[in-house]
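One structure below.
The values are calculated or read from the model by the stated rules, or taken from the named source; none is laboratory data. All of these numbers come straight from a predicted model, not from anything done at the bench. Positions of Cβ are backbone-derived with ideal geometry, glycine not excepted, and every protein chain shown enters the neighbour counts. Each accessible area value is taken on the protein alone, full model and side chains, heavy atoms only, with ligands, DNA and RNA left out. Shrake-Rupley method; radii C 1.70, N 1.55, O 1.52, S 1.80 Å.
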Amino acid sequence: MEQPALLEMRGICKEFPGVKALDNVQLTVRPGTVHALMGENGAGKSTLMKCLFGIYSKDAGTITLDGREVNFKSSKEAMENGVAMVHQELNQALTRTVTDNLWLGRYPTICGMVNESKMRKDTKDIFDELQVSVDPRAIMSTLSVSQRQMVEIAKAVSYDAKIIVFDEPTSSLTEVEVEHLFRIINMLRNKGCGIIYISHKMEEILRISDDVTIMRDGQYVATRSAKDLTMDDIIKLMVGRELTNRFPPKENVVGETILEVDGISGKYTNLNNASLELHKGEILGVAGLDGAGRTELLENIFGSMTREGGTMRLYGKEITNKSPKEAIKNGFALLTEERRATGIFGIRSILDNTVISNLKSYLMGGVCLSKKKMQKDTQWAIEAMHIKTPSQQTQIRSLSGGNQQKVIIGRWLLTNPEVLLLDEPTRGIDVGAKYEIYQLIIDLAKQGKGVIMVSSEMPELLGVCDRIIVMSGGRVAGEVDAKTTSQEEILTLAAKYV
């Protein structure tokens, strides 16, 4: 006899000005299962989860949790009723400790005072149960993105949740950390929890999931057993067409040296004596484990991190890039890893976010900005990047993560950079949009631009890049040819100085 559903969402509808985000969507989660939720960016996955979690109020439909109809008015109410969510974009109190973040808004008290000893003990017990090696006394801002994500998972578990939503949980995790996360998920599944798992990584979905629900353009497409699906089946259901190749053909031609980086080190970071060469029309990959110094390398080149030593030459001429402003003037562009924290201006429009790095080119008479020219360039970015948005005036924070990423890429392309620095450019982006971004990167290389791309996805580096440098312990551990190397060789180099 089939178990009754732990969660049922029926006929869910949600409309925003100018766009129907959800149209009669359904989702059924069984107890003790991992239920994957898949779809292209803008398909409505996150909107559906926000309706469940009380962030959005649904326009129509019913939500039944453990046989009882619910309609949460806030995320606090959802968590108190056994629904927790680990968001893709972390929103934490970075100046407070790990323990504070775990119990914020529900501190245990004794005689009206915060019970510090109970809070520390409960934190330690949860961390021990999940095998999370994070200092509970550490300030959140001192932790890596992956450690902060583990804290968020521990917080979800601390609510003793029946349903836990994981939104792109592995987008900033190394392979070792992914294995750890999967152990936690299996432990929760064995306890009878229902796990909703949102990810664009199909290998993970097929490995960890019991059931898969696919959405497209705000509508329900299908629910299938994971064991009955192949990667090709999922892609076809997601995009409504077959996508035979994951990566476009590489037609770029590598030419003369554009950029020489010689022995740069970062102040207050582990980046130590890193060197590289970048050629005209080349896509140079940067591989390595979390904390290897990949992001620090890009930020150092771009001038957003204090350099302690080393030199840089662009077309043979020495440059300093002491600040991002100077780097942009020298023809550099940086797409940051954490788009919400350092990439977008959330309450500003698509237009504002698109033109912000190129305002000088819109000046008329050195005084006023040309609205017509800004609108024209924004429209170009929307069409070139295939950005799904009701209008140029839509707030960027209301777009899906992938569409936000496309806006930022469009922003930098308008500055016509010589060197494009990309830090996890396809993080949290669906397979169809990934292909478009890969094609865009290759097209830029074909135009003679130099591209340096950090990625945690090994197949991505192998499929898009010409050469790959491997970082380990803040140093360049080696360099490989993307056409002839293997994942094993890259991982061996990545562990060289750990």
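Residues in region 238-287 that are under 15 Å from Met453 (Cβ atoms) and not in a strand (DSSP E or B): Phe247, Pro248, Lys250, Asn252, Val254, Gly281, Glu282.
State which residue is most open to solvent (accessible area, probe 1.4 Å) when the search covers only region 59-87 and only residues that are closer than 28 Å to Arg427 by Cα and in contact with a helix residue (DSSP H, G or I) (Cβ under 6 Å, 6 or more places away or on another chain). Per the stated criteria, the residue is Ser75.
The set of residues in region 435-454 that are surrounded by 23 or more Cβ atoms within 10 Å (Cβ to Cβ) and not aliphatic (A, V, I, L, M) comprises Lys449, Gly450. Between Ala327, Ala333, Ala341, the distinction of being open to solvent by less than 70 Å² (accessible area, probe 1.4 Å), within 22 Å of the chain's Cα centre (by Cα) and among the small types (Gly, Ala, Ser) belongs to Ala333 only.
Residues satisfying the criterion are present in region 246-265 (criterion: open to solvent by 60 Å² or more (accessible area, probe 1.4 Å) and either under 28 Å from Ala21 (Cβ atoms) or under 23 Å from the mean Cα position of the chain (by Cα) (or both)). Residue count for region 120-150, restricted to those that are in a helix (DSSP H, G or I) and either more than 25 Å from Leu181 (Cβ to Cβ) or in contact (Cβ under 8 Å) with a residue 60 or more places away in the chain (or both): 3.
In region 472-488, which residues are out of contact with any Phe, Trp or Tyr (no Cβ under 7 Å at 6 or more places or on another chain) and of a type outside the set (Gly, Ala, Ser)?
Selection gives Val476, Glu479, Val480, Asp481, Lys483, Thr484, Thr485, Gln487, Glu488.
Given the structure, is Lys45 buried (at least 17 other Cβ atoms within 10 Å of the Cβ), of a type in the set (Lys, Arg) and over 19 Å from Lys201 (Cα atoms)? Here the answer is no, as Lys45 does not meet what is asked. Pairs are defined by a Cβ separation below 7 Å, a sequence spacing of at least 6 or placement on different chains, a first member in region 485-498 that is in a helix (DSSP H, G or I), and a second member that is at pLDDT below 85 and not β-branched (Val, Ile, Thr); the pairs so defined are Gln487/Met458; Ile490/Met458; Ala494/Leu289. Of all residues in region 185-202, those that are over 14 Å from Pro169 (Cα atoms) and either under 21 Å from the mean Cα position of the chain (by Cα) or assigned to a loop (DSSP other than H, G, I, E, B) (or both) total 3.
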